[in-house]
1. Where residues in region 158-170 are within 23 Å of residue 299 (Cβ to Cβ) and more than 7 Å from the ligand (Cβ to nearest atom), which of them is surrounded by the most Cβ atoms within 10 Å (Cβ to Cβ)?
2. Give the number of residues within region 171-209 that are over 16 Å from the mean Cα position of the chain (by Cα), crowded, with 16+ Cβ neighbours inside 10 Å and within 12 Å of the ligand (Cβ to nearest atom).
3. Of the residues 80, 62, 93, which is within 14 Å of the ligand (Cβ to nearest atom), hydrophobic (A, V, I, L, M, F, W, C) and closer than 20 Å to residue 167 by Cα?
4. What's the total number of residues in region 121-137 that are open to solvent by 10 Å² or more (accessible area, probe 1.4 Å) and either within 10 Å of the ligand (Cβ to nearest atom) or among the small types (Gly, Ala, Ser) (or both)?
5. For region 301-329, name all the residues that are under 22 Å from the mean Cα position of the chain (by Cα) and open to solvent by 30 Å² or more (accessible area, probe 1.4 Å).
6. Of 375, 371, which residue is surrounded by fewer than 22 Cβ atoms within 10 Å (Cβ to Cβ), modelled with pLDDT under 95, touching a helix residue (DSSP H, G or I) at 6+ places or on another chain (Cβ under 9 Å) and not charged (D, E, K, R)?
7. Please go through region 72-88 and give me each residue that is hydroxyl-bearing (Ser, Thr, Tyr) and within 27 Å of residue 26 (Cβ to Cβ), ordered by number.
8. What is the residue count in region 48-94 for residues that are open to solvent by 60 Å² or more (accessible area, probe 1.4 Å) and of a type outside the set (Lys, Arg)?
Amino acid sequence: MERIRVQAAQPYDVCIGSGILEEFPEFLRVRAGAASPAVGSSGAYTPALMIVTDGNVAAHYLKGLVRATEAAGFRVHTALFPPGESLKSERPLFSLLGCMVRKGLARDSIVIALGGGVIGDFAGFAASVYMRGCGFVQVPTSLLAQVDSSVGGKVGINLREGKNLVGSFYSPLTVVCDTDTLKTLPEREMVSGLAEVVKYGLIRDASLFGALEGAFRGSPVGRDGRLSPQVVKERLLEDGTLLGSLVTGSVRIKSEVVGADEREAGLRMTLNFGHTFGHALEQLTGYRRYLHGEAVLLGMKMAVELSAASGMLQAAERERALGFLDIFRVPSVKGIDAAAMLAQMGRDKKKKAGSLRFVLLRGIGAAEIAPGVDPSAVIESVEAVRDRRAPPAAHR
Ligand SMILES: NC(=O)c1ccc[n+]([C@@H]2O[C@H](COP(=O)([O-])OP(=O)(O)OC[C@H]3O[C@@H](n4cnc5c(N)ncnc54)[C@H](O)[C@@H]3O)[C@@H](O)[C@H]2O)c1
């Protein structure tokens, strides 16, 4: 098992390993015990737990977790919600908070987010506002949640006016990341999470990027020259150490970045590489065509094109980055209007002082925030990805 310390204002550990969910009560005891002296010794008061999860995840992991935590002496409540982004909204939030009151949860109670990024953001935000903040533990079960959303303390919900517009920074007591849970993750969700791993390689770690290239070299491609989500998932699971090392490598990078810039004043913004384009793609297609990571993967191709067009990225590095990004089969950009993308990006909540700022690459493993990018270059970058017929041959 790997344990990575996140040096946030409230530091916490991310514990990563295969099968570690079986020892969950121990992680809880160690961490919650440190936070609350009332925990742990036999016969003593133990905090109530509220396990928040969705139907898909519950089907595989809820019973086991309830059994294990009850056997360890915790008082356990559960809140089960339907899966999907619509959970991150006002009604389910108030329904969960009301349920917590009725179950008698107090400030020293602990909300356990068992699920993907939606559950983590939703349950974490509930924990952050319940009685001005109760305990919170992340148990991420999607690849995206394990490598990205469970680390860094951002929690929140959406408004009808836009995504993640209400939220807070709220550190979990601990993050327990069992890579075995990824065995039941749907294949497209695996690709979606992998996109964030590729992002870490591109922005900060050339050796991680090289390891990813190596991991998929020679994997069977379809007639379109790309890897199907099924092949990607099989490849990630067939080698027990590969997945663990990708998750650990990603969490290490995210924790370094968050430790240096928790409130996103500078460095943390580089984690948005590909996201400005990606968010616009998601919004223009009504959040129906792409999973988040799929849109980010396409957005990273556009950001690579923009980096090259802006003179920051050399041709060979552009080819290498696109050669790898292009091997994944994700929904196409067909029919997307580049000017509409630009207009949508102008409404992105991450723009500053009225001007769009893009995270661009100087090379593989090196990203920078570039202000004042030429809008026509942005349009051309979208068109270059949208209109390219065949994937570049660089990777194959
Ligand atoms: N807080 C942050 O820093 C941060 C960062 C990135 C993304 N996010 C948020 O994360 C969310 C996306 O997260 P996601 O991609 O994990 O989506 P998700 O939570 O919707 O999970 C994806 C799907 O997989 C299912 N699932 C999850 N784990 C499973 C498992 N082990 N077995 C079977 N099914 C499983 C879920 O039920 C869901 O249907 C978005 O709301 C996004 O805004 C937050």
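The values are calculated or read from the model by the stated rules, or taken from the named source; none is laboratory data. Just so it is clear, the model here is predicted, and its values are computed rather than measured. Cβ: placed from backbone, ideal geometry, glycine included. Neighbour counts: every protein chain shown. Note: areas computed on protein heavy atoms with side chains; ligands, DNA, RNA excluded. Shrake-Rupley method; radii C 1.70, N 1.55, O 1.52, S 1.80 Å.
1. 158
2. Selection size over region 171-209: 1.
3. Working: 80 fails: closer than 20 Å to residue 167 by Cα; 62 fails: closer than 20 Å to residue 167 by Cα.
None of the other options fit; the residue is 93.
4. Residues in region 121-137 being open to solvent by 10 Å² or more (accessible area, probe 1.4 Å) and either within 10 Å of the ligand (Cβ to nearest atom) or among the small types (Gly, Ala, Ser) (or both): 5 in total.
5. 329
6. 375
7. Within region 72-88, 78 is the sole residue that qualifies.
8. Going through region 48-94 one residue at a time, the tally reaches 13.
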